[in-house]
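Below: one structure, written as structure tokens.
The values are calculated or read from the model by the stated rules, or taken from the named source; none is laboratory data. This structure is a prediction, so every number in the text was calculated from the model and none was measured. All Cβ positions, glycine included, derive from the backbone under ideal geometry; neighbour counts span all protein chains shown. Heads up: the accessible areas ignore ligands, DNA and RNA and are worked out on the full protein's heavy atoms, side chains in. Shrake-Rupley method; radii C 1.70, N 1.55, O 1.52, S 1.80 Å.
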Amino acid sequence: MNGTKLILTRGQATGLNRPLALTPGQDLKGYVASLLGRAVLFLITCTSVLAVLLIFFFVCREALPFLSKISLSEFLINTEWYPEADNARFGALALIAGSVYVTIAALVFSVPVGILSAVFLSDIVSFRIRAFVKPVIELLAAIPSVAYGFFAVLVLAPWMQNKFGFSTGTNALNASLILAVMALPTIVSVAEDSISALGPELREASYSLGATRFETIFRVVIPAAHSGIIAAIILGMMRAVGETMVVWMASGNAAQIPRPWWDISQSVRTITATIAGEMGETPKETPHYWALFALGVLLLILTFSLNVVSEFFLSRAKRALGKQ
Amino acid sequence: MQNNKSGVLESVSRRRKNKGKLNLIMDRQKQSKSESLNNKDTAECACSIVEAEDFSFYYGSTMGVKNITMEVFPCSVTAIIGPSGCGKSTFLRAINRINDLIPNTRIEGTLLVNGHDIYAKKTNLVNLRQQVGMVFQKPNPFPKSIFDNIAYGPRLQGTTKGSKLQQIVEESLKAAALWEEVKDDLRKSALALSGGQQQRLCIARALATRPSVLLMDEPCSALDPIATGKIEDLIEQLKSDYTIVIVTHNMQQAARVSERTAFFCLGELIEYDFTPKIFRNPGKKQTEDYITGRFG
């Protein structure tokens, strides 16, 4: 230290020699800068909120004229969708049923697989394997849906037709299998996060009471993480409901309710596929055009309510973790 | 226990033949499940209920504890003290093999519980853990009702009858001095209890599987002094029926509740003797330094 001038001098603690009060100039500058910053950031944040509101507004506006032409009850209850016929019919029930049908079938496949995979990754497999497998599962979400659609049409459809003798390979089963695979990454990822977030305490408590791994997983881990798991299922459901390209390619696009209702090998058509398929060829300002927007409103209401429910369960999962 | 007073460490290699004492232990373990752990070779083994012989525990290549040789005697409280990271908890958690949950661990030497080498391949972990219960540092009740928390262990053992479960829950809560406070709302979530109540609930939950040994890993470190006092009173009551091994950071606590104290440092057992001796007249300089606060 000898010879160099000290920058930090001793005895600084005894006196604060820089003023603590802001000058009026500094005060104003700070005020303006903070106001500007807030305003800019507010506007930027607003764009996404605004986008949501505008989408809702425009879809609803285009759908409204439809309600004055056709009664809501016919739209929701009738199963005949013949928008281009001379005596046009706009019964959307078959389409709604198609969406619900394909979504539920997809969940039947993907929920058990997804939750068991999540449990396997969080509780059974070693950290190194999990660090490798989880990103690979999440990679499923990165595959474009048209690629899934190709697979459905070129591989799955002929295989089903030959193997099981279905009248058509593009059917509800095909679409729901593909949707199940597409929903898996969401379900596995969210469920695994919430199961891992439980931490070791509950597991240790269970093992120390003589529980086996199986008992620990099914009696403690899954019940304790149920909020997160339900949220995972609903998020996977949203993925399946909103998916368009795959169901358009794989479901066969027949606007009908399968008869008998459980016959999954028949073709169906979903709301999303109908909108995507018909919007391009429908003249503007016609009942058909408005009907498609009415379908859009229906879809929006469906996904929004699912979103609200999943948010509810996710926040409950977070609160449950905070309590422990 | 009179014949052990000559010094605990020397007695390790000796095999005692105090059969009267053993019968007393066996009598307490009435449940049928205990028979697989209390197998025949226990008969000639004697008084100690937990016995470590040259026991070492490794996390991967990091050493947890090294060459521990000590005995824990039934119906008494054994305290383990020592600075942080000295392997107290590691050793405690090795006794019911809850450390198995951590990947890449390895042991050397033997650890006998009731004469059975618990790290042998053919160890019934379910029976081991039900008879060597554990209470953790942080209260960790399941997010279930108070009743279901206590009934968890008995249900695993196959008890499903409502009246039987009710009886076990009541007895366990009474033994853990919690019954009076919660008897009217057994269906309430266990998470609604206070920290001290939760910890007593965890003790009751551990007692419900009818253990012989109760391992307590710093059970009071997350509690305030009043709750701590209650737990210590509880330990005092429980020791007539259970063998308690307690890890604690609090030396006063060790002095208050235990008959014997083991001092661990850097993964090794430095000294193990009767508690009054450890605190008044320790045999090793290291122990004395730690006890008097001159450690380090």
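Could you state how much accessible area is buried at the A-B interface, both sides summed, with a 1.4 Å probe, in Å² to the nearest 100?
1800 Å²
If you roll a 1.4 Å probe over region A:126-168 with all protein chains in place, what percent of the accessible area is carbon or sulfur?
72 percent
Once each part is reduced to its C-alpha centroid, what is the distance from region B:96-142 to region B:212-256 in angstrom?
If we compute the Cα centre of each part, the gap is 20 Å.
State in Å² the accessible area per residue of region A:87-161; use a 1.4 Å probe, count heavy atoms of protein chains only, and round to the nearest integer.
50 Å²
Using a Förster distance of 60 angstrom, determine the FRET efficiency expected from the C-beta separation of A:PHE164 and A:LEU35, and round it to 0.05.
The pair A:PHE164/A:LEU35 has a calculated efficiency of 0.35.
Any chance you could give the angle, 0 to 90 degrees and rounded to 10, that helix A:93-119 forms with the longest Cα principal axis of chain A?
So the inclination is approximately 50 degrees.
Between A:GLU80 and A:LEU16, what is the label-to-label distance in nm when each label sits 7 Å out along the Cα-to-Cβ direction?
In this crude label model, A:GLU80 to A:LEU16 measures out at 8.4 nm.
Any aspartates and glutamates with Cα under 18 Å of the A:LYS318 Cα? List them, leaving off those in the same chain fewer than 8 positions away.
Within reach: A:GLU192, A:ASP193, A:GLU201.
Starting from the Cα-Cα distance between A:ASN87 and A:PHE56, subtract it from 0.36 nm times their residue separation and give me the gain in nm to one decimal.
Extending this stretch completely gives an extra 8.1 nm.
For region A:25-69, report the translational diffusion coefficient in µm²/s to the nearest whole number, using Stokes-Einstein at 4 °C, 1.567 mPa s, and a Kirkwood Rh over Cα pairs.
My calculation gives 97 µm²/s for D.
Using label points projected 7 Å from each Cα along Cα→Cβ, tell me how many nm separate A:GLU311 and B:ALA120, to one decimal.
In this crude spin-label approximation the distance works out to 6.1 nm.
What's the extension gain from A:THR212 to A:VAL146 if we count 0.36 nm per residue and subtract their Cα-Cα distance?
19.4 nm is the gain from fully extending A:THR212 to A:VAL146.
In region A:214-228, which residues become less accessible by 30 Å² or more once every protein chain is in place, relative to the chain on its own, using a 1.4 Å probe?
Relative to the lone chain, where solvent access is computed with a 1.4 Å probe, region A:214-228 loses at least 30 Å² at A:ARG219, A:VAL220.
Excluding same-chain residues fewer than 8 positions from B:LYS174, which aspartates and glutamates have a Cα within less than 15 Å of its Cα?
Excluding near neighbours in sequence, the set is B:ASP184, B:ASP185, B:ASP233, B:GLU236, B:ASP241.
Quick one: which of B:178-191, B:238-251, A:244-257 comes out on top by average Cβ neighbours within 10 Å, and what's the full order, highest first?
So the order, starting with the most tightly packed, is A:244-257, B:238-251, B:178-191.
Once the Cα gyration tensor of the protein assembly as shown is found, what semi-axes does its equivalent ellipsoid get, as square roots of 5 times the eigenvalues, in whole Å, sorted largest first?
Semi-axis lengths for the protein assembly as shown are 63, 36, 23 Å.
Once you have the alpha carbon radius of gyration of region A:75-323, what is it after dividing by 2.2 N^0.38 Å, with N set to its residue count?
Its radius of gyration relative to the 2.2 N^0.38 Å reference: 1.16.
Past 30 Å, Cα to Cα, is the threshold; run A:LYS5/A:LYS29; B:LYS122/B:LYS230; B:LYS122/B:LYS144; B:LYS88/B:LYS183; B:LYS66/B:LYS230; B:LYS161/B:LYS188 against it and keep the listed order.
Too far apart for the 30 Å limit: A:LYS5/A:LYS29; B:LYS122/B:LYS230; B:LYS122/B:LYS144; B:LYS88/B:LYS183; B:LYS66/B:LYS230.
With point charges of +1 on the Cβ of Lys and Arg and -1 on the Cβ of Asp and Glu, referenced to the Cα centre of region A:222-292, which listed residue (A:MET245, A:ALA255, A:ILE229) lies farthest in the positive direction of the dipole?
Of the listed residues, the answer is A:ILE229.
Can you work out the FRET efficiency for the pair A:THR286 and A:LEU72, with r the C-beta to C-beta distance and R0 = 25 Å, to the nearest 0.05?
0.85
Return the calculated 222 nm mean residue ellipticity for the protein assembly as shown, to the nearest 500 deg cm²/dmol, obtained by summing -39500 (n - 2.57) across DSSP H runs with n ≥ 4 and dividing by the residue count.
Calculated at 222 nm, the ellipticity per residue is -16000 deg cm²/dmol.
So how far, in whole Å, is the C-alpha centre of region A:106-141 from the one of region A:148-182?
If we compute the Cα centre of each part, the gap is 24 Å.
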